[in-house]
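The values are calculated or read from the model by the stated rules, or taken from the named source; none is laboratory data. Note that the coordinates shown come from a computational prediction; the quantities given were computed from them, not determined experimentally. Don't worry about glycine lacking a Cβ; one is built from the backbone with ideal geometry, like all the others, and counts go over all protein chains shown.
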């Protein structure tokens with residue numbers, strides 16, 4: 001059984017400690033003199049200085065290694081979501097004073113987020129949406145924080161009543177959050193209450209990726225999907241899980257792929273609802289053996305989304321510039337995120353065929369109340385500059401293909417990079433599988449992990 005250690009193990013190591021040690025070093029060489037800054041020139045003699053420098057250097061190296069190895073707080077701390085009332089009041093003021101742009105008549109979503117729908121959503125946000133209700137629902141789950149590589153990482157850790165349940169880490173993407181998983185955590189941890197069997201139970205871990213939601217915001221460059229994969233692997237090790245499954249979509253699929261490739265000794269299998277694999281770099285007909293329906297489906301989706309990739313170029317090159325607007329305007333933030341939710345979901349022209357207003361706004365609220373929209377978009381910038389070059393994933397892999405996914409995978413291509421053991425063509429659904437089709441996703445997870453537990 002995995003048990004959290006609630007004891008804080010923080011070693012106080014700082015430049016102050018080094019200064020004290022340096023003073024002690026001086027006292028060894030000059031025991032009859034008092035050391036203070038005004039006497040420093042007198043204390044430096046040519047014979048003793050080489051020894052002093054050598055010892056001081058050794059002390060500095062020891063301090064650096066100590067901080068690197070044991071100086072990090074490895075405790076796991078319970079966490080409760082609570083947004084200050086002042087934040088909610090400020091939000092209301094901004095919504096009331098929002099300035100909407102004009103729009104071409106009868107253009108709908110052609111130019112971007114439909115003004116009519118966004119106006120409707122904002123009116124609901126101002127007058128009917130209840131953050132405290134959704135905050136309370138979120139807090140019914142078990143939330144924690146822990147420091148990994150100097151950054152606070154938030155995660156839900158919902159254990160099943162079945163002690164032998166398989167740990168399953170589920171990683172979100174952008175513009176998502178742990179809110180996406182609210183409808184699947186119960187069925188995964190308590191399958192008997194949701195039409196499943198006890199042997200289908202999981203202990204579920206849902207981290208907020210660095211820079212997202214309730215996790216800390218990186219202050220140094222480099223938090224690509226590979227770095228985030230390392231963070232998730234360290235989290236699972238800290239929780240004491242030596243054999244676990246992993247699931248993800250969007251950027252979460254890349255994190256999950258990293259785990260399958262680089263933490264394979266601990267990963268029982270991975271499940272992806274977004275398997276992006278480019279055509280193999282080989283000569284010959286790349287479409288040979290590919291069913292015609294798969295080719296047509298891929299090309300049709302490419303045509304549908306051909307004008308919808310500019311967001312990635314902006315976030316991948318100038319995320320800071322974009323952030324000034326999105327972090328300051330809740331309407332701007334809602335417009336930016338809702339555009340993706342509309343075009344990436346299987347909604348038949350009505351976004352609320354896929355999401356309720358409350359689902360949309362609760363996810364947006366996670367970004368707004370934590371001020372993480374800018375830090376979250378940097379994942380595009382950092383991942384473009386990552387040195388990680390994907391190899392082949394040998395652990396058992398499942399792929400769930402939803403018809404309105406943003407890119408349709410070609411199985412022949414995917415099999416060159418993954419050890420595919422299950423491939424499911426879903427009847428409906430889009431990019432946000434856990435929100436749009438929670439029952440289909442849960443069923444596919446149960447089916448796959450029965451084979452690899």
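Annotation: of all residues in the range 83-112 being part of a helix (DSSP H, G or I) and touching a residue at least 12 places away in the same chain (Cβ under 8 Å), the one that is farthest from residue 365 (Cα to Cα) is 96. When the test is whether a residue is loosely packed, with under 13 Cβ neighbours inside 10 Å and not in a loop (DSSP other than H, G, I, E, B), residue 303 passes it.
Among the criteria (1) in a helix (DSSP H, G or I); (2) modelled with pLDDT under 95, the one residue 380 does not fulfil is (2).
Looking across the range 431-453, the residues that are surrounded by fewer than 19 Cβ atoms within 10 Å (Cβ to Cβ), in contact with a strand residue (DSSP E or B) (Cβ under 9 Å, 6 or more places away or on another chain) and part of a loop (DSSP other than H, G, I, E, B) come down to 451, 453. All conditions but one from (1) modelled with pLDDT of 95 or more; (2) surrounded by 14 or more Cβ atoms within 10 Å (Cβ to Cβ); (3) under 16 Å from residue 393 (Cα atoms) apply to residue 265; the one that does not is (2).
Flag: residue 425 does not match the condition of being in contact (Cβ under 8 Å) with a residue 60 or more places away in the chain and in contact with a strand residue (DSSP E or B) (Cβ under 7 Å, 6 or more places away or on another chain). Candidates are the residues of the range 383-405 that are in a loop (DSSP other than H, G, I, E, B) and crowded, with 21+ Cβ neighbours inside 10 Å; the one that is nearest to the chain's Cα centre (by Cα) is 405.
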